[in-house]
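Report on one structure; see the data block that follows.
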Amino acid sequence: MKKISLFFSASLLLIASSCVSVQVKDNKLSTTSTNKKPKNIILLIGDGMGLSQVSSSLFFNDQPSNFERFSTIGLIKTSSSSDVITDSAAGATAFSAGIKTYNGAIGMNKDTIPAPTLLEEVSKKGLSTGLIATSSIVHATPASFFAHVKKRRQYDDIAAFMPTSDVDFFAGGGQKFFNDRKDGRNLYSELEENGFQVYTDKLPTTLSEKKEAILLAENGMPKKIDGRGDFLPDATQLALKQLAQNKEGFFLMVEGSQIDWGGHSNDADYLIGELIDFDKTIGVALDFAKINEETLIIVTADHETGGFTLASDEGDYNKIKPTFSTGGHSSTMIPVFAKGPGAEHFKGIYENTEIYAKMKQLILE
């Protein structure tokens, strides 16, 4: 009985000591253990990535998974204002603007009124900003950070926001929405007029003193299994080198877009290849933050796609057979991984809009 009492007392002390590191004062977050807030935030979004997708990085990766480098983990609820099961547009707008909106909305609230995004807000405070995706840069997730349109497939309209946007660095696909438009506008010229250096062949090896516009495919980038190479980790490395020059700090969103596409196709090889590529990119961000300790890393997803699971192969518990239950999205809760100053605030179960709220309070307030 005495041993149980001592164990219980020690447990209470451990819990108490772990709780004193976080305070909420006047609804604002602070970190008392280090008394620091992040100067930089890197938000990595694995589109369509649920827990089974994350788990595949443990079983199908020939390198240790970078997900295992996180000790702070939470879960988010992802329903939109219009549907129990969200799409990427509403899911990304929850992250970018902190609001629940209807499926298909890009930076718009449920009444189709433009909502300010975190990217726009931090830019006004003097921070640099970046967006990277393996989709076109006008696809739902990256678009939700810089554009405001009623429907996600208004790709030409979304692209037209970019030349005068608050984005300092972007990389992905989507050339045809900039130079092969129905309205005849040449957005490459408009980008250059607004201070961008435009690249359409490959990632540059050296950076100019201008803002960077990198568009390397007509629409989405090639699949990883079809020879995309290390575009995502390399573009992330390049963006960090560019954005870190700003002493005020930066916000960078990196999307592993095609994890979702592999799920929609019920193609396990496609999905797993994209997930491992995303895992490698997480490693680039974590390595940067290890040196640049004022950096907060957040890894999450907008929703799960495919009802993906790692089942046994015909009852053999030593063999995994990836399987799917749907060609669409699912409503399962999504994991959140965080590391760096302020990471402790991302524990628990909460709405997806809280990702925005927590980032904003930590970096701007």
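Roughly how far apart, in whole Å, are the Cα centres of the range 226-265 and the range 193-220?
If you average the Cα positions of each part, the centres end up 14 Å apart.
Excluding residues on the same chain fewer than 8 positions from Lys125, give the aspartates and glutamates whose Cα lies under 16 Å from its Cα.
Once the sequence-local aspartates and glutamates are set aside, what remains near Lys125 is Asp166, Asp168, Glu248, Glu365.
Which is the longest part of the chain that has none of the trypsin sites (Lys or Arg not before Pro) sitting in a DSSP loop with at most 16 other Cβ atoms within 10 Å?
Excluding the exposed sites themselves, the longest stretch runs over 248-346.
Ratio of alpha-carbon Rg to the 2.2 N^0.38 Å globular estimate for the range 258-365, to two decimals, please.
1.28
Hey, can you list the DSSP H helices of the chain whose Cα span along the axis is 15 Å or longer and whose average Kyte-Doolittle score is at least 0.0?
The answer, listed by residue number, is 2-19, 231-243, 268-291, 353-364.
Can you give the net charge of the other residues whose Cβ lies under 15 Å from the Cβ of Asn292, counting K and R as +1 and D and E as -1?
Local charge sum for Asn292: +3.
So I have (1) 1.00; (2) 1.11; (3) 0.92, and one of them is Cα Rg over 2.2 N^0.38 Å calculated from this model. Which one is it?
Read-out taken from this structure: (1).
Could you sort out which of Lys77/Lys211; Lys210/Lys347; Lys150/Lys290; Lys100/Lys202; Lys39/Lys77; Lys110/Lys224 sit more than 32 Å apart by Cα distance in this structure?
Lys77/Lys211; Lys210/Lys347; Lys150/Lys290; Lys100/Lys202; Lys110/Lys224
A short reminder: the numbers here are calculations on the coordinates, not readings from a lab. Everything quoted here is computed from the prediction, not taken from an experiment. Cβ atoms come from the backbone with ideal geometry, glycine included; neighbour counts cover every protein chain shown.
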